[in-house]
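Worksheet for the structure shown next.
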Amino acid sequence: MQVNGNHFRSIWLADDEPRVLVIDQTLLPFAFEIQPLSTVSEAALAIRNMVVRGAPLIGATAACGLYLAAETDALEANLRKACQELLSSRPTAVNLRWALDRMLPLLLAEPEAARSSLARKLAQRICDEDVATNSAIGDHGLELISKAAKSSPGRAVNVLTHCNAGWLATVDWGTALAPIFKAHDAGIPVHVWVDETRPRNQGASLTAWELGAHGVAHTVIADNAGGHLMQQGEVDLCIVGSDRTTRTGDVCNKIGTYLKALAAHDNGIPFYAALPSSTIDWTIRDGIRDIPIEERPAEEVSHINGRDNAAGTLVRVRVIPDGSSAANPAFDVTPRRFVDGIITERGVAKASEEHLTTLFPQEAAGQPL
Ligand code: MRU
């Protein structure tokens, strides 16, 4: 995607040295800074501290982190230790495990001396494939937006999205936002309701920034406003991303997604999740029981970050009384009965085991249940 006229991916490998470069997402939208990662521990910390975030980007960063580990010491014991360190950085996005499961056996099948160059190739491949996959998701989702546009000529299609499932959450394009970028580029008038997405405000800070940079009309709303807007006929469809989706179609995504799906269901508004097959956990069927939900620090709820416009500095302020405790579950699960379709790189599937496994027979058969 373009930032001030320059094309950026959210992560890339340095040309001439074992370094990985990422955009520091903790500083957006107020500062655009590139952070170098030189070791697997730095990569794991960048995931843990959400310098990088979003399921596909977490997977890509893990792949690059394993490459950095192989550059330092490609012995099997070190590569396995690196995988453990990366796996412990964040628990919910299954793309992290997917990337390591894909790379490690291939690396271990090679002699030690060949592993670092292979690790680089595989990490690069995972990044490149992510871009192509998300572009395909965009093409399939575009058809849904196009259809909505045809049924309401003369006005913009209103899409509601939650959190950030744009290019910053992937290597490029995004998942939920890819169809929106493609619709805008095709000349279809689109307007996006952007849930602010407390507590970390990925919608307000990242999605709004991405849409603004691309020229897409959007309005940031408080998380609690979506239901009301749906009742008033102001939302044509919802598109969200996912951190882990079961083989049966239960969709885990940023906390608050479930409430939007309930409101959409009550108002007869189509609710779609856009996700690559690397986000499908083929080993589980029951999302509520089997998906690990990350519990993040209470300070993300008790405090809020922003810019003091007068001073021009970034500030962090407390928003709850001293002495009150706070809890911070970071994700929730939307049961498949509230999901009207799953937009994947191979097309739009019903949220059901039958449809997902028909679309991805090889992947579905790949892991024992
Ligand atoms: O906690 P985050 O910011 O990593 O959560 C991100 C989301 O919930 C996204 O919606 C999801 O990863 C899909 S990204 C294409």
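Here, each number is a calculation from the coordinates, and none is a lab measurement. In this text the structure is predicted, and so the values were computed from the model without any measurement. Neighbour counts run over all protein chains shown; Cβ positions are idealised from the backbone, glycine included.
A compact table of results
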item	result
Flag for Gly203 being in a helix (DSSP H, G or I) and under 17 Å from Phe271 (Cβ atoms)	yes
Criterion (within 15 Å of the ligand (Cβ to nearest atom) and under 16 Å from Ser278 (Cβ atoms)) met by exactly one of Asn134, Asn49	Asn134
Enumerated strands (runs of 3 or more DSSP E) restricted to region 1-116, each holding at least 1 residues that are touching a residue at least 40 places away in the same chain (Cβ under 8 Å)	11-13, 20-23
Members of region 206-226 found to be in a loop (DSSP other than H, G, I, E, B) and either hydrophobic (A, V, I, L, M, F, W, C) or near the ligand (Cβ under 10 Å from one of its atoms) (or both), listed by number	Val216, Ala222
Qualifying strands (runs of 3 or more DSSP E) (wholly inside region 321-369; at least 3 residues being away from the ligand (no atom under 16 Å from the Cβ))	347-349
Candidate set: region 137-183, residues that are part of a strand (DSSP E or B) and within 16 Å of the ligand (Cβ to nearest atom); chosen: the one surrounded by the most Cβ atoms within 10 Å (Cβ to Cβ)	Thr161
Checklist (1) out of contact with any Ser or Thr (no Cβ under 6 Å at 6 or more places or on another chain); (2) on the phi > 0 side of the Ramachandran plot applied to Lys147, failing item	(2)
